[in-house]
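The values are calculated or read from the model by the stated rules, or taken from the named source; none is laboratory data. Source: prediction; values computed, not measured. FYI the Cβ positions are ideal-geometry reconstructions off the backbone, even for glycines, and counts take in every protein chain you see.
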Amino acid sequence: MTTPTTPHVPRADPHRTTPSGLLRARGLGIPFAGAPGTSNALTDVPGVQVGYVTVIDGNGPLETGRGPVRTGVTAILPRGREGLDQPCAAGTSVLNGNGEMTGTAWINEIGALTTPILLTNSHAVGACHRGAIDWLNTARPDLRDRWHTPVVAETYDGYLNDINGDHITTALARRALDAATGGAIEEGSVGGGTGMSCYGYKGGTGTASRLISHADVTYTVAVLVQANFGARRELTLAGIPLGRHLRGDDPLGAPRSPIPAGAGSVIVTVATDAPLLPGQCAALARRVPLGLARSGTTGSHFSGDLFLAFSTANPHALTSRYPTGEQAERLQSLCFVPWGDMDRLFDATVQGVEEAVADALVANTPMTGRDGHHLPALPHQQVLDLLREHHAAG
């Protein structure tokens, strides 16, 4: 079953539940620092749009090309459809390089992001790359003669999914982009996060946002995480090392698993409407591992941990071309937060990443995939009991 998901769905309390009614980490009672935005999501940054296509089909033994299938695509439009020709200041960072994020050489060269972002599984990067180009050429025929270097990032879902079966196609990548909109975002086993694991539990997609102020203006810093990393023993929530006390074995790293415990990857996108230089965006991306570390990971050798940050401010700067018909040379300028005032944005990034990982775990359900491989959901009651025991002891 292939499901395109439009995230904008009314809900009672977006900080506590997802659009489908799954509990988020705050709804479970896990405390976090910082003030979240309206939906506590990447789309709290004005103009940012997110869409999903989720593919879940079949059960039983793996038959390459037929399934079982547990995968998908997440699409991010940094400035929405209206801003496809307007670059964003951007920067990247890598914690461990056992993974792929296309388009980063050009981002690091010019300090700008000029295309959509797609997240998927490790062996679907090519289909999503081609699909993004096709979508851009259709959405903006006036850009057809330009070159495109889409950003496509991946994490490995082969424990549950028929990863070599070519189930992600260019058409599905285009559908995910078509589904992109603002508002509330579903979390857990959706989009590119469909077949992912996190700390030995069902992982996937998580998101969070924080409000900060500078010069009497309120800005948003928001993150979206595709979480597929961590060993059960490492898991930490609200600063408490719960993983070593949670009952049940970690299915990854068990004798029947081809994947070492802790292996996998994590892709994190950071967005803000605060005006930043490209180097300041890279500085935000470098803070992502601090938020991941709060969730317990030490960064596995077998993990691809890749991060991208962008700013939607300064919409008409960082362009490489003059407007049509304009021949005269000119200068460009950027407004930006002074480096000495960046700490509040660093705080917001770290806080948001920590919460987004927790959301990817909490807003989830068990999943069984190929060959009966199974990932349990985070046991909510056990987590609550351990948190209460810790606070009672403290």
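Pull out all pairs, ordered by first then second residue, where Cβ-Cβ is under 8 Å, the residues are six or more apart or on different chains, the first lies in the range 162-176 and is within 18 Å of G193 (Cβ to Cβ) and in contact (Cβ under 8 Å) with a residue 24 or more places away in the chain, and the second is charged (D, E, K, R) and surrounded by 23 or more Cβ atoms within 10 Å (Cβ to Cβ).
D162/R370; I163/D157
Which residue pairs have Cβ atoms under 8 Å apart, sit 6 or more places apart or on different chains, and have a first residue in the range 92-108 that is at negative phi and touching a residue at least 40 places away in the same chain (Cβ under 8 Å) and a second that is surrounded by fewer than 16 Cβ atoms within 10 Å (Cβ to Cβ) and assigned to a helix (DSSP H, G or I)?
T92/N108
Within the set of pairs 6 or more residues apart or between chains, which connect a residue that is more than 25 Å from E187 (Cα to Cα) and buried (at least 22 other Cβ atoms within 10 Å of the Cβ) inside the range 61-88 to a residue that is among the small types (G, A, S) and modelled with pLDDT of 95 or more with Cβ atoms less than 9 Å apart?
Listed by first residue and then by second, the contacts come to P87/G111; P87/A112; C88/A112; C88/A271; C88/S311; C88/A313.
Does P258 satisfy the condition of being in contact with a strand residue (DSSP E or B) (Cβ under 7 Å, 6 or more places away or on another chain), in contact (Cβ under 8 Å) with a residue 12 or more places away in the chain and not small (G, A, S)?
Values: in contact with a strand residue (DSSP E or B) (Cβ under 7 Å, 6 or more places away or on another chain): no; in contact (Cβ under 8 Å) with a residue 12 or more places away in the chain: yes; not small (G, A, S): yes.
Against the criterion (in contact with a strand residue (DSSP E or B) (Cβ under 7 Å, 6 or more places away or on another chain), in contact (Cβ under 8 Å) with a residue 12 or more places away in the chain and not small (G, A, S)), P258 does not qualify.
Condition check ((1) polar (S, T, N, Q); (2) more than 16 Å from the chain's Cα centre (by Cα)) across all residues:
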residue: S39; (1), (2): yes, no
residue: D44; (1), (2): no, no
residue: R70; (1), (2): no, yes
residue: V73; (1), (2): no, no
residue: R79; (1), (2): no, yes
residue: G83; (1), (2): no, yes
residue: E100; (1), (2): no, no
residue: N108; (1), (2): yes, yes
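Residues of the range 359-388 being in a helix (DSSP H, G or I) and touching a Ser or Thr at 6+ places or on another chain (Cβ under 7 Å), which ones? Break it down into steps so the answer makes sense when it comes.
Here is the first cut: in the range 359-388, the ones in a helix (DSSP H, G or I) are 359-362, 370-372, 380-388.
Hits for the range 359-388 are D359, A360.
Residue under question is G304, and the condition is that it be touching a Cys at 6+ places or on another chain (Cβ under 9 Å) and assigned to a strand (DSSP E or B); does it hold? Even if it seems obvious, please write down each step before you answer.
Details: touching a Cys at 6+ places or on another chain (Cβ under 9 Å): no; assigned to a strand (DSSP E or B): yes.
Taking the combined requirement at face value, the residue does not satisfy it.
Out of curiosity, is T64 at pLDDT below 95, closer than 30 Å to N164 by Cβ and more than 16 Å from the chain's Cα centre (by Cα)?
Details: at pLDDT below 95: no; closer than 30 Å to N164 by Cβ: yes; more than 16 Å from the chain's Cα centre (by Cα): yes.
When the stated conditions are applied, T64 does not pass them.
Let me confirm something: among A348, A313, A309, which residue is part of a strand (DSSP E or B), at pLDDT 95 or above, aliphatic (A, V, I, L, M) and farther than 30 Å from G248 by Cβ? First the steps, then the outcome.
Details: A348 fails: part of a strand (DSSP E or B); A313 fails: part of a strand (DSSP E or B).
Within the list A348, A313, A309, the selection yields A309.
Kindly provide the set of residues from the range 244-290 that are touching a His at 6+ places or on another chain (Cβ under 9 Å), surrounded by fewer than 22 Cβ atoms within 10 Å (Cβ to Cβ) and among the small types (G, A, S), ordered by number.
Correct list: S257 only.
Can you tell me which residue within the range 148-175, out of those that are small (G, A, S) and over 14 Å from the mean Cα position of the chain (by Cα), is surrounded by the most Cβ atoms within 10 Å (Cβ to Cβ)?
Per the stated criteria, the residue is A173.
Just wondering, is there one or more residues in the range 271-291 that are within 22 Å of T74 (Cβ to Cβ), in a strand (DSSP E or B) and at pLDDT 95 or above?
yes
Which residue is surrounded by the most Cβ atoms within 10 Å (Cβ to Cβ), if the candidates are limited to the range 373-389 and must be in contact (Cβ under 8 Å) with a residue 40 or more places away in the chain and out of contact with any Lys or Arg (no Cβ under 9 Å at 6 or more places or on another chain)? Can you show your working first?
Going residue by residue through the range 373-389, those that are in contact (Cβ under 8 Å) with a residue 40 or more places away in the chain are 373-380, 382-384, 386-387.
So of that shortlist, the ones also out of contact with any Lys or Arg (no Cβ under 9 Å at 6 or more places or on another chain) come out as 374, 380, 383-384, 386-387.
Numbers: H374: 13, H380: 14, V383: 24, L384: 13, L386: 18, L387: 18.
Filtering the range 373-389 for residues that are in contact (Cβ under 8 Å) with a residue 40 or more places away in the chain and out of contact with any Lys or Arg (no Cβ under 9 Å at 6 or more places or on another chain), the one surrounded by the most Cβ atoms within 10 Å (Cβ to Cβ) comes out as V383.
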